[in-house]
1. What length, rounded to one decimal in nm, is gained on full extension from ARG261 through to LYS235, with 0.36 nm per residue of separation minus their alpha-carbon distance?
2. Figure the gain on full extension for GLN282 and ASP246 (residue separation times 0.36 nm, minus the Cα-Cα span) and round it to one decimal in nm.
3. Between ILE144 and THR63, how many nm apart are label points set 7 Å from Cα along the C-beta direction?
4. Does a label point 7 Å from the Cα of HIS308, set along Cα-to-beta-carbon, have any residues of region 194-220 with amide nitrogen under 19 Å, and which are they?
5. Hull surface divided by four, with the convex hull built on the Cα atoms of region 54-311: how many nm²?
6. For region 54-311, with only Lys/Arg (+1) and Asp/Glu (-1) charged at the beta-carbon, what is the dipole magnitude about the Cα centre, in debye rounded to 20?
7. Rule-of-thumb check for region 196-258: C-alpha Rg over 2.2 N^0.38 Å?
8. Tell me the Kirkwood hydrodynamic radius of region 15-105 in angstroms, computed as one over the mean inverse distance between distinct C-alpha pairs.
Amino acid sequence: MEQIQSIKSNIPTPTINTIKSTFYSKLIKYGLLLITFILSVMYLRKRYKNNCEALENKFYQDTKEIIPGINYLLYHPSKIRYIYWTGGYSSTFLLIQALIIEGYPIQPIYIKCQTMDDKFSIQGKQSQQKEIEVMTRLRTTILIDYPHLKPMFLPTMYVYSIKKDYDISNKFRQIYKHFTFFSPDVNQFERLARFSIHYNKNIEIGLINTGTSLDYASSGIRNNEGTKNCQLISKQNLLKLNNNPDNINPVKNYDNLDIFRNFRFPIIHMTKVDIKRLASRQKVLYLLQITWTCWYPNNIGKPCNKCHQCSKKMDLNGFINN
Ligand SMILES: [Zn+2]
């Protein structure tokens, strides 16, 4: 008994200082764990939101665009026209032609994972917000003025994730080197192409006659120009161009353009002025007046009047009467 007591008395009792130090070391340990956790959540959230190179294509629909009582399954998918829509001048014109003028059911697709080049991300997000706001306004206006189109104007597919594809990305990079002025919406075309290939549908794009960018790259090598089926010539024919003895530029690999095989260019033969004139005759110019094209809206949501898009903006005040 005495022995046990003496052993007990030899055990040092914990002082206040040692309790404090264990408390602080635990605090640091859990603090670090918490910070790591928060950073991981932030990283995952960012990845989730900007998932432009993901395992698969993913999209959502805004429940506010789904009108109760409307049957959106009336039309067979083969009858539906898929359209890349941004709320801008030319893509809105294309949507109006297909939906209001020609009476097709349409499925708008909006690439949301990032609007522009990554370097513009902050501004890009602002213009994205503005674009969505404008598309909402356009949708509301169209459905008030043309209520019979409700089952044909399908809720937009907001794409937040696009399947990664090194082959397409590399080919795009080569096209970009070849046609240097593809910038600055360089990444946007690559994403639209990648989405269209993996979604495995023909998707119409509101590209117009500008003589630049994809219009320039594909000019003279398109079929069915002036129709909704306007598209690039086949891969075999693109390959033939490479072997053409008149093609003196060795960099030209026309078959790289095959990454755009699912694009359709229904209005590529039209200029901005042609669009204004036709929309005016069709009495739909007021809808184009709602559209938005600026890449860098200011803090109060007004166009910057400086960017590439603003500098080429059409004056839509007043109708052309011819
Ligand atoms: Zn601008």
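Read-outs throughout are calculated quantities, based only on the coordinates presented, and are distinct from any laboratory measurement. Values in this document were obtained by computation on a predicted structure and should not be read as measured data. Don't worry about glycine lacking a Cβ; one is built from the backbone with ideal geometry, like all the others, and counts go over all protein chains shown.
1. Here the answer is 8.5 nm.
2. So the extension gain works out to 8.5 nm.
3. 2.5
4. 194, 205-219
5. Computing the convex hull of the Cα atoms and averaging its projections yields 14.4 nm².
6. 200
7. Cα Rg divided by the expected 2.2 N^0.38 Å: 1.20.
8. Mean inverse Cα-Cα distance, inverted, gives 19.1 Å.
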